[in-house]
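Chemist: My questions will all concern the structure given below.
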Amino acid sequence: MKLIKKGLAYVDDSSSEEMAAMKGTPTGAGKNSLYRNRAVEENLELFQKMKSGEFADGTHTLRVKIDMAHINMLMRDPVLYRIKHAHHHRTGDKWCIYPMYDFAHGQCDSIENITHSICTLEFVPHRELYDWLIEKLEIFPSHQYEFARRNINYTVTSKRKLLQLVNENYVTSWDDPRMPTISGLRRRGYTPESIRDFCDRIGIAKRENIVDVGLLEFCLREHLNKIAQRRMVVFDPVRVVISNWVPLQAGGKTEILQSENNPEDAGSGMRDLPFSREIMIERDDFMETPPKKFFRLAPGQMVRLKSAYIIKCEQVIKDADGNISEIHCSYIPESKSGHDTSEIKVKGTLHWVNAADAVEVEVREYDRLFKVEDPSSEEGDFKDYINPDSLKVVKGFAEPSIKNAKLSDRFQFLRKGYYCLDKDSTDEKLIFNRTVTLKDGWTKEVKKN
RNA sequence: UGACCCAUGGUGUAAUGGUAGCACUACUGAUUUUGGUUCAGUCAGUUAAGGUUCGAAUCCUUAUGGGUCAACCA
C-alpha cells in the first residue's frame with residue numbers, strides 16, 4: 001500500500017507470457033507495461049479487489065515501478081504480489097494474494113531485526129532489489145551477505161534434487177541412510193559432534209567448491225573411535241576347530257573371556273566373551289598360499305584371536321568341491337589374553353565369534369549414492385549417474401552381547417567399521433547400518449602388488 | 001556478445017601491503033592383542049602478463065578460466 005501510494009507500484013493486467021516477452025533479455029532492454037501509469041486511486045482499488053478474490057488466478061499482479069531497461073533483470077518492475085485462491089491456515093479463503101520471495105525476504109528479515117541475512121551466491125543479483133525495497137519501504141535495514149553453498153562429492157545437496165530421489169523411489173525416504181539429509185545422516189549413525197567438526201573444518205567462502213566426502217568421514221571416524229563400543233562380528237564365516245580343546249561331549253567347557261569395550265576409553269569397562277572348541281573367523285582372514293606380509297592365518301602360521309588365545313593352523317578340511325569347510329588349529333594355553341606367558345610374538349590378530357552362541361544379524365552396507373564426483377555437472381540427467389550398488393544387505397554373525405544393543409548405541413565391529421542399530425530392527429531380527437568402514441591399509445597394500 | 005560474482009598444493013580453508021600457514025588426502029617410518037588408533041616425517045600451492053611499491057596472494061589494468069542472471073519458484 002505504501003508503495004502504491006508513493007506511486008511506486010501498480011497493478012498489471014498483463015498475462016505471465018506478455019510480461020516475460022516485455023522483460024527483455026540480459027543484453028537488451030525491456031518495454032514498459034501498458035498499465036504502468038495507472039492512477040494511484042485505480043491501483044488501490046484494483047489491489048483491494050485482487051486481495052478479496054474478485055479476480056481469477058493469473059489475471060493481475062502488483063508490480064513495483066523501477067526501470068524496465070535496468071541492467072539487472074531483477075530490477076525490471078518485478079512482481080510483488082500475485083493472485084492465488086489458496087486456502088490458508090490462518091486467513092482461510094479471505095486473503096487471495098501471496099507475495100513473491102524477493103518482496104517478502106527483506107521484510108521478514110527486517111521485522112525480526114536481522115542484521116546479517118546470509119544466503120547462497122545465486123542471490124547476489126537479488127541484493128540490489130532487497131536493498132531497494134528496504135529503502136523505499138523505510139524499514140529496518142537488514143543486510144544480505146552471500147556465500148557459496150557447500151557441496152560434497154559423490155552426492156547432491158540440492159533440495160529439489162533430493163526431492164526427486166525420494167519421489168521417484170531411488171531411496172526409501174528422506175531419512176534413508178544414504179541421503180545427505182540430517183535425518184539420513186542421523187539414521188546412518190553420524191554423530192552431531194562429527195558433523196559440527198566437519199563444518200568447522202571446511203569453513204565458508206565465496207568460491208565454488210566441492211568438498212571431499214573423505215573429510216566428512218574422517219571427522220566421523222575420529223569421533224566414533226572415541227565413543228564406539230567394540231564388538232566382534234564375522235560376515236563371511238569359516239569354521240575353526242580348536243583341535244586340542246576338549247570337546248563339550250567329553251567334559252570340555254565354554255570359557256568366559258573378558259574384552260575391553262573401548263581401548264580408547266578406560267572408563268568403558270569390559271564385557272564377557274564365550275570361547276570354546278568351535279569358532280568362526282572371516283573367510284578372507286585365511287589363505288592357503290599367502291602372499292608376503294600376510295599376517296593372518298595360513299597353514300602352519302600363528303595368529304592371535306582378539307582377547308583370547310594364539311592359535312596355529314594345523315590342517316585345512318575341504319568339501320567335495322574343493323571349498324574350505326573347516327580349519328583345524330591348535331591353541332597355546334599359555335597365551336591367554338592378559339596372562340600371556342608364552343613369549344610368542346604374532347603379527348596378526350583376528351576377530352572371531354564362538355560358533356555355539358553366535359547371533360545372526362542383518363547388516364546394511366551403504367556406498368556413495370552416485371558414481372561420479374559431481375552428478376549435476378555431467379551430461380544429461382543427474383539421476384543417470386546413480387550408483388546401483390549403494391545398498392548391499394549382508395548377513396553377520398555377532399558375539400552374544402550384541403543382543404543388548406539399543407538404538408542410540410554406536411558400535412565398532414572390530415576390524416570392519418562403525419555400525420548402529422536401525423529402527424527397522426525387531427526382537428527377533430537385529431538390523432545394523434554400516435555408518436562408515438574403518439580405514440583399510442591392507443586392501444591398499446594388496447592393490448600395490 | 002551485456003552485467004555481476006569468483007580464482008592460493010589433489011581437496012577445503014587462512015595470511016593490518018612485510019617469513020605463503022593449517023587440516024584432509026597421498027607417500028615413508030615407528031608403535032600396536034583392531035593391517036584401526038597414536039606418533040614422527042615427506043611430497044605438493046598464490047591462473048597469466050604488465051603496472052604501483054623498498055616490498056604484492058593482497059592494490060590497479062588487461063587477458064584466461066569457472067559460475068550466475070531473461071518463474072505470477074524459493
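Chemist: Consider A:ILE327 carefully, then state whether it is more than 23 Å from A:ARG415 (Cα to Cα) and not aromatic (Phe, Trp, Tyr). If you could, list the steps in order and put the result at the bottom.
Modeler: Values: more than 23 Å from A:ARG415 (Cα to Cα): no; not aromatic (Phe, Trp, Tyr): yes.
In short, no.
Chemist: Could you look through segment A:87-127, keep only residues that are over 35 Å from the mean Cα position of the chain (by Cα) and touching a residue at least 12 places away in the same chain (Cβ under 8 Å), and pick out the one that is surrounded by the most Cβ atoms within 10 Å (Cβ to Cβ)?
Modeler: A:CYS96
Chemist: Follow-up. Take the residues in segment A:16-38 that are among the small types (Gly, Ala, Ser) and farther than 22 Å from A:MET1 by Cβ; name whichever of them is farthest from RNA strand B (Cβ to nearest atom).
Modeler: Looking at the filtered set, the residue picked out is A:ALA29.
Chemist: Sort out which residues of segment A:138-153 are closer than 30 Å to A:ILE111 by Cβ and in a loop (DSSP other than H, G, I, E, B), and write them in order of number.
Modeler: A:GLU138, A:ILE139, A:PHE140, A:PRO141, A:SER142, A:ALA148, A:ARG149, A:ARG150, listed by residue number.
Chemist: Then there's this: For segment A:306-352, give me each residue that is outside any loop (DSSP other than H, G, I, E, B), farther than 18 Å from A:PHE397 by Cβ and either among the basic types (Lys, Arg) or in contact with a helix residue (DSSP H, G or I) (Cβ under 8 Å, 6 or more places away or on another chain) (or both).
Modeler: Across segment A:306-352, the qualifying residues are A:ILE310, A:LYS312, A:LYS318.
Chemist: Taking the criterion of being out of contact with any Gly (no Cβ under 8 Å at 6 or more places or on another chain), modelled with pLDDT of 95 or more and more than 15 Å from RNA strand B (Cβ to nearest atom), would at least one residue in segment A:282-296 satisfy it?
Modeler: No: segment A:282-296 contains no residue that is out of contact with any Gly (no Cβ under 8 Å at 6 or more places or on another chain), modelled with pLDDT of 95 or more and more than 15 Å from RNA strand B (Cβ to nearest atom).
Chemist: Could we say that A:SER110 is in a helix (DSSP H, G or I), over 30 Å from A:PHE370 (Cβ atoms) and more than 13 Å from RNA strand B (Cβ to nearest atom) here?
Modeler: Spelling it out, A:SER110 is indeed in a helix (DSSP H, G or I), over 30 Å from A:PHE370 (Cβ atoms) and more than 13 Å from RNA strand B (Cβ to nearest atom).
Chemist: Restricting to segment A:295-335, give me the number of residues that are under 30 Å from A:MET270 (Cα atoms) and not charged (D, E, K, R).
Modeler: The qualifying residues number 20.
Chemist: Kindly evaluate A:ASP272 against the criterion of being acidic (Asp, Glu) and under 17 Å from A:HIS351 (Cβ atoms).
Modeler: yes
Chemist: So A:ALA21 passes all but one of these: (1) among the hydrophobic types (A, V, I, L, M, F, W, C); (2) assigned to a loop (DSSP other than H, G, I, E, B); (3) open to solvent by 40 Å² or more (accessible area, probe 1.4 Å). Which condition number does it fail?
Modeler: Condition not satisfied by A:ALA21: (2).
Chemist: Is it fair to say A:SER325 is open to solvent by less than 30 Å² (accessible area, probe 1.4 Å), more than 16 Å from RNA strand B (Cβ to nearest atom) and within 16 Å of A:ARG277 (Cα to Cα)?
Modeler: When the stated conditions are applied, A:SER325 does not pass them.
Chemist: Looking at segment A:230-249, which of the residues that are more than 24 Å from A:ARG415 (Cβ to Cβ) and either open to solvent by 70 Å² or more (accessible area, probe 1.4 Å) or at pLDDT 95 or above (or both) is farthest from RNA strand B (Cβ to nearest atom)?
Modeler: A:GLN249
Chemist: Right, here's the next one. If you go through segment A:288-314 one residue at a time, how many are buried (at least 17 other Cβ atoms within 10 Å of the Cβ) and touching a Pro at 6+ places or on another chain (Cβ under 8 Å)?
Modeler: Counting residues in segment A:288-314 that are buried (at least 17 other Cβ atoms within 10 Å of the Cβ) and touching a Pro at 6+ places or on another chain (Cβ under 8 Å) gives 5.
Chemist: Give the residues of segment A:1-18 that are closer than 13 Å to A:HIS60 by Cα and assigned to a loop (DSSP other than H, G, I, E, B), sorted by residue number.
Modeler: Within segment A:1-18, A:ASP13, A:SER14, A:SER15 meet the criteria.
Chemist: Then there's this: Specify which of the listed residues (A:LEU62, A:LEU74) is within 22 Å of A:LEU3 (Cβ to Cβ) and open to solvent by 30 Å² or more (accessible area, probe 1.4 Å).
Modeler: Of A:LEU62, A:LEU74, the one residue that is within 22 Å of A:LEU3 (Cβ to Cβ) and open to solvent by 30 Å² or more (accessible area, probe 1.4 Å) is A:LEU74.
Chemist: Let me ask another. Could you run through segment A:120-147 and say how many residues are touching a strand residue (DSSP E or B) at 6+ places or on another chain (Cβ under 7 Å) and near RNA strand B (Cβ under 9 Å from one of its atoms)?
Modeler: Result for segment A:120-147: 7.
Chemist: Could you pull out the residue among A:ILE204, A:ILE279, A:ILE227, A:ILE256 that is in contact (Cβ under 8 Å) with a residue 40 or more places away in the chain, of a type in the set (A, V, I, L, M), within 16 Å of RNA strand B (Cβ to nearest atom) and loosely packed, with under 15 Cβ neighbours inside 10 Å?
Modeler: A:ILE204
The values are calculated or read from the model by the stated rules, or taken from the named source; none is laboratory data. None of these values were measured; they are calculated from a predicted model. Reconstructed Cβ throughout: ideal geometry from the backbone, glycine too, with neighbour counts over all protein chains shown. Each accessible area value is taken on the protein alone, full model and side chains, heavy atoms only, with ligands, DNA and RNA left out. Shrake-Rupley method; radii C 1.70, N 1.55, O 1.52, S 1.80 Å.
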